[in-house]
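J.: Could you have a look at this structure, given as structure tokens, before my questions?
Each value in this text was obtained by applying a stated rule to the coordinates, not by laboratory testing. Bear in mind that the values here come from a model prediction, so they are computed numbers and not experimental data. Note that we place each Cβ from the backbone using ideal geometry, even for glycine, and neighbour counts take in every protein chain shown.
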Amino acid sequence: MKNLNIKNLKKTYGKGDSKVNALDGINLSIEPHKFTAIVGASGSGKSTLLHCMAGLDKPTSGNVYLDDIDIYTLNDTKLSEIRRREFGFIFQSFNLIPVIKVYDNIVMSVSLDGKKTDKKYIDELIDKLGLKAHKNKYPNQLSGGQQQRVAIARALANKPSVIFADEPTGNLDSKTTKEVMDILKLCVKEFKQTLVMITHNDEISKMADKVITISDGKIV
Ligand code: ADP
Ligand code: MG
């Protein structure tokens, strides 16, 4: 179990007249093994917050603690190790690699980490995500919902403590959205993972254990 704590996080883009305070002093504790939804108007700072929390974008000031580690005090090697081992990412665009098969897309980050693939766990994941029949296909042979499930399997392959998702169902129809959400809820309930998800969808934020609303870079 890993605790994620955000202290007085600020992120500024640009300079002078074009300066934007994308994050303006965010304090937040993400509850482990729970589903936290982040909502707010477009441009309010949700993606910036998620990227800063996930070690993908260095804040201008403030701290992101994973347990007692202030992640942005680490060097690049250590920070990317944390990203690979502790975090999983799911975006609106699936970002699958078109020239390699579904199975290889899923295990890619595990092999990048120089770890041996836990084949039993990966097979279980593929099974649960309904991808068994598609393992040896290429991403473009799959529907949007199937591709997003591959992206989810890839995010989970490393058994991350925290899954960060930025509007993962933004491009999906309502039936596929439900399937994807069922799987992500299973991650929280069964695999004991922490889920932090940005969403515009009221139906989805209703499923969350906690909803955080961002407005002009602040929690309201
Ligand atoms: P949201 O995800 O809630 O739509 P973002 O976090 O993407 O909001 O953006 C917050 C604010 O920061 C917006 O005003 C946006 O224009 C600005 N912003 C985001 N990324 C950049 C960037 N790379 N350069 C300049 N401004 C940015
Ligand atoms: Mg966004």
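J.: How large is the dipole of segment 4-219 about the Cα centre if only Lys and Arg carry +1 and Asp and Glu carry -1, each at its Cβ, rounded to the nearest 20 debye?
T.: On the way: 32 positive and 26 negative charges, 86 e Å.
It comes to approximately 420 debye.
J.: Mind scanning 34/128; 46/135; 78/101; 46/178; 15/206; 120/185 and naming the pairs with a C-alpha gap bigger than 31 Å?
T.: 46/135; 15/206
J.: When 13, 72, 103 are ordered from fewest to most other Cβ atoms inside 10 Å of their Cβ, what list results? Write down the numbers at each step before the final one.
T.: Values: 13 12, 72 16, 103 19.
The fewest-first ordering by Cβ neighbours comes to 13, 72, 103.
J.: While we're looking at this one, here's another question. Among 108, 197, what is the fewest-to-most ranking by other Cβ atoms within 10 Å?
T.: 108, 197
J.: Starting from 0 in steps of 10 Å, tell me what percent of the Cα-Cα pairs of the chain lands in each bin.
T.: 8, 34, 36, 19, 4, 0
J.: Going by how many other beta carbons lie within 10 Å of each one, how would you line up 213, 73, 169, fewest first?
T.: Fewest-to-most Cβ neighbours within 10 Å comes out as 73, 213, 169.
J.: Tell me the mean residue ellipticity at 222 nm calculated for the chain from its helices only (DSSP H runs of n ≥ 4, each -39500 (n - 2.57), averaged over every residue, nearest 500).
T.: Mean residue ellipticity, 222 nm, calculated: -10000 deg cm²/dmol.
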